[in-house]
Amino acid sequence: AYTPGGMPAILEEAGVNTPKPYCAVTKGSRFLLVMEDLRQIPKLKLMNLYEANVTQDMAKTVLTNMAKLHAKFWKKPWKGSWGDTTAHRRPLICATSGHVALVVTQRLYPGLIPADIATGFRDMLCGFRHLRAHWSDARYPMTLAHGDAHLGNMYQFGDNELGFFDWQCKSEEFCVHDVTYFLLSSYPADKLKDDEDALLKHYYDELCRRLPKGEEPPSWEVLKLFYVTKAWHCMVWFVFSAMSPSFMGREMAINAISRICAHIQRHDGVGMLHRVLRGEFAQ
């Protein structure tokens with residue numbers, strides 16, 4: 001991905017900002033990556049999940065940049081991305097390790113995860129292959145997803161410019177993957193319930209405007225469906241991360257997981273999960 005003409009060059013072509021790579025060397029499981037020092041960029045602001053002041057305008061800037069990324073790689077995800085059939089397989093979601101992560105996270109943060117969502121999480125782990133099959137349904141075009149698109153992996157600079165870094169979780173996904181992950185982990189829950197339709201519509205319009213000529217966008221109904229079911233992807237990543245305080249700080253874990261849970265409850269995400277597991281949306 002970091003060779004000359006590799007992913008950063010293609011991202012630049014699409015107008016998506018990311019730190020410039022200067023050297024990339026791999027030997028076995030070890031690697032060296034020398035990249036641009038972002039601290040030299042004028043008006044730089046590094047962000048994090050502790051903040052609860054993401055405005056609608058800022059969120060629209062993020063979503064516009066996501067639309068650029070997804071349109072550029074529409075139906076042709078980067079070959080080094082995690083996928084279903086690629087050499088870079090997605091990490092296996094193991095029911096046993098998932099149950100352990102849930103128990104540890106619940107003990108660290110009593111009451112953070114409501115009982116109905118904890119039960120849904122266990123059901124999701126046991127039926128995960130059905131959920132993954134729904135997300136990988138061939139009817140919905142894959143694109144390149146950043147894969148870990150929370151606020152802490154973005155930076156602002158200049159006059160309302162934005163960039164992404166930490167691409168190690170890049171993956172082949174339906175476009176709403178990044179959108180859901182960002183909004184649920186990083187946008188204040190009390191604002192999202194009022195703003196989400198406007199934000200999703202903004203992303204949808206930007207994506208439709210940028211898709212390659214002749215390509216049909218997904219329907220609005222499909223986009224909204226995945227916006228609900230992809231919440232379980234967010235829960236998996238943040239529950240696994242939260243069980244290790246050295247990996248994810250207390251305030252970050254509480255902020256992100258409480259936002260995700262609020263979304264799941266608002267959209268009956270547990271009920272929607274069970275519909276997916278019953279095969280109601282399968283071909």
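The values are calculated or read from the model by the stated rules, or taken from the named source; none is laboratory data. Because the structure is predicted, anything quoted here is derived from the model rather than measured. Quick reminder, even Gly has a Cβ in these numbers, built from the backbone with ideal geometry, and neighbours come from all protein chains shown. To get the accessible areas, we keep the full protein, side chains included, count just its heavy atoms, and leave off ligands, DNA and RNA. Shrake-Rupley method; radii C 1.70, N 1.55, O 1.52, S 1.80 Å.
Can you tell me, using C-alpha contacts under 8 Å and at least 6 residues apart, the relative contact order of the chain as a whole percent?
25
Of Lys45/Lys72; Lys170/Lys191; Lys60/Lys201; Lys193/Lys230; Lys193/Lys224, which pairs sit farther than 19 Å apart, going by alpha carbon to alpha carbon? Intermediate values should be presented prior to the final figure.
Values: Lys45/Lys72 26 Å; Lys170/Lys191 28 Å; Lys60/Lys201 10 Å; Lys193/Lys230 17 Å; Lys193/Lys224 14 Å.
Cα-Cα > 19 Å for Lys45/Lys72; Lys170/Lys191; rest within.
Tell me the Kirkwood hydrodynamic radius of segment 110-199 in angstroms, computed as one over the mean inverse distance between distinct C-alpha pairs.
Over segment 110-199, the inverse of the mean reciprocal pair distance is 15.5 Å.
What is the packing order of peptides 112-123, 20-31, taking the mean over residues of other C-beta atoms within 10 Å and listing the highest first? Walk me through the numbers before you get to the answer.
Working: 112-123: 17.3, 20-31: 9.9.
So the peptides 112-123, 20-31, ranked by packing, come out 112-123, 20-31.
Can you compute the equivalent ellipsoid semi-axes for segment 165-221, i.e. the square root of 5 times each eigenvalue of the Cα gyration tensor, sorted largest first and rounded to whole Å?
22, 18, 9
With n ≥ 4 as the cut-off for DSSP H runs, can you work out [θ] at 222 nm for the chain, using -39500 (n - 2.57) per run divided by the number of residues, rounded to the nearest 500?
About -15500 deg cm²/dmol.
Would you mind working out the accessible area per residue for the chain, using a 1.4 Å probe, and quoting it in Å²?
47
Among His130, His267, Met58, which residue has its Cα furthest toward the positive end of the charge dipole of the chain, with +1 on Lys/Arg Cβ and -1 on Asp/Glu Cβ?
His130
Mind grabbing the base-10 log of I(q)/I(0) for segment 149-256 at q = 0.10, 0.15, 0.17, 0.18 Å⁻¹? Debye formula, identical points on the C-alpha positions, no solvent, two decimal places.
Here log10 of I(q) over I(0) equals -0.34, -0.76, -0.97, -1.07.
Write down, largest first, the equivalent ellipsoid semi-axes of the chain in whole Å, where each equals the square root of 5 times an eigenvalue of the alpha-carbon gyration tensor. List each step's numbers first, then the result.
Numbers: eigenvalues 154, 98, 85 Å².
In descending order, the three semi-axes are 28, 22, 21 Å.
What accessible surface, in Å², does a 1.4 Å probe find on Phe240, ignoring ligands, DNA and RNA and rounding to the nearest 10?
Using a 1.4 Å probe on the heavy atoms, I get roughly 60 Å².
Note the angle between two axes, namely the Cα long axis of helix 231-242 and the longest principal axis of the Cα atoms of the chain, as a number of degrees from 0 to 90, rounded to the nearest 10.
80
Angle between the Cα long axis of helix 56-72 and the longest principal axis of the chain, 0 to 90 degrees, nearest 10?
70
Tell me, Kirkwood radius of segment 5-118 from alpha-carbon pair distances, in Å? Provide the component values of the computation, followed by the final result.
Numbers: mean 1/r = 0.0537 Å⁻¹.
Result for segment 5-118 stands at 18.6 Å.
Could you please state, rounded to a whole Å, how far the C-alpha centre of segment 148-219 is from the C-alpha centre of segment 64-118?
16
Probe radius 1.4 Å, ligands and nucleic acids ignored: give me the carbon and sulfur share of the accessible area of the chain as a rounded percent.
53
Give the residue list of trypsin sites (Lys or Arg not before Pro) in segment 179-273 that are DSSP loop and have at most 13 other beta-carbon atoms within 10 angstrom.
Those that pass, being in a loop and sparsely packed, are Lys213.
Please build a GNM for the chain, connecting alpha carbons under 10 Å apart, and tell me which residue among Lys68, Lys45, Lys170 fluctuates the most.
Ranking Lys68, Lys45, Lys170 by mean-square fluctuation puts Lys45 first.
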